[in-house]
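Each reported figure results from applying straightforward, stated rules to the coordinates on display, with no laboratory input. The structure presented is a predicted model; accordingly, all values stated were derived computationally and were not measured. All Cβ positions, glycine included, derive from the backbone under ideal geometry; neighbour counts span all protein chains shown.
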Amino acid sequence: MTWKLPSLSALRTLDVAAKHLSFTKAALELNVTQSAVSRQIRQLEEYLEIMLFQRVKKKLVLTESGENYLREVRVGLTCIENATVDLLAQRNDKGILNIAAPPVFSVKWLIPRLVAFHKSYPDILITLSSRSKEFDFDAQSIDASIYYGCDDWPNVVSEPLLGNDLVPVCAPGYLKGKRRVVTLSDLSKHSLLQQTRRPNSWHDFFADQGIPAANAWAGPQFEHFYMLLQAAIAGLGVALMPRFLILDDLASSRLIEPVEHHFASRDSYRLVYPPSKRNNPKLELFKRWLVNESIHFKKQSAAQ
């Protein structure tokens, strides 16, 4: 059985009217009359046989059914918008490559290097989105993801990049008036900033040197490395960070290493993608460029 769907114009009107909770303001945004908005909503309600809006104390509000319907409609409108943008980009002879990456990796390392990539491959348009949690290539419209973790993910291709060299860092002013840090044992008695997605980082750091640290799981918690970095700069405590992400912060003395000790973590930043994308020419070019950039960066860092 084929159902006649509401018009896209009616659904767009619903979206804008719900955003403003005012037919008058919706009309201004849509560049139509207030009566046209009212008519579109009325016709949509008649078609659905459900009230989408009601007035409560002279204020326009969504009904419960209206809220539920709008939630799904907005998902559909977003999908249509994204598909249209992708198609228009392809029409302009730009091959789109959708890459997801953690915010701190994107801001501190990847984005500054994308200029060089675009100069080398002007026909490939990188769409970069923020993603820190586990990837699901079946549910997400991304070609590849840069992810921090071990090489233990099933059903994906994984290319190592950077980031397994971790160092403890803090703001220069954090240690003023506090217990001196001469040894790692001294460090264990300070406020250790935690990354919630890597709860064992400090424990592994101290255990690597055979140092008991009851404080290893204590301390303020932050979900992302970017939050952890900002917390350390603000003076909230000591953070355990991939060194390559904080070279500029160390050079500018926004951060210092309270004790010189590096820890080789099992985790690192990796480029991951599904096997079905293995022969994607755009992804192959990006992968080759990204791996070469990583190798070049590591050689540069080692020479300094």
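Key figures for this structure:
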item	result
Spatially proximal lysines relative to LYS119 (Cα-Cα < 19 Å; intrachain offsets below 8 disregarded)	LYS94, LYS282, LYS287
Within the chain, helix-based [θ] at 222 nm, where runs of 4 or more DSSP H residues each add -39,500 (n - 2.57), nearest 500	-12500 deg cm²/dmol
GNM result for the chain, Cα springs below 10 Å: residue of PRO172, PRO154, PRO199 fluctuating most strongly	PRO154
Charge dipole (the range 8-89, unit charges on Cβ, about Cα centre) - positive-most of PHE23, THR78, GLN43	PHE23
Net charge over other residues, Cβ less than 14 angstrom from the Cβ of SER22 (K, R count +1; D, E count -1)	+3
Footprinting exposure proxy for SER65, SER22 (fewest neighbouring C-beta atoms within 10 Å first)	SER65, SER22
20 °C / 1.002 mPa s Stokes-Einstein diffusion coefficient of the range 165-264, Kirkwood radius on C-alpha pairs, µm²/s	162 µm²/s
Reported label for calculated Rg and Dmax of the Cα atoms in Å given [x] 20.3, 65; [y] 25.7, 76; [z] 17.2, 51	[y]
Neighbour net charge for LEU48 - beta-carbon separation under 13 angstrom, K R +1, D E -1	-2
Net +/- balance of residues flanking PRO281 in space, Cβ distance below 12 Å, scoring K and R +1, D and E -1	+2
Burial ordering of GLU49, GLU257, GLU223, fewest other beta-carbon atoms within 10 Å first	GLU49, GLU223, GLU257
Residue order, fewest to most surrounding Cβ atoms within 10 angstrom, among SER252, SER145	SER252, SER145
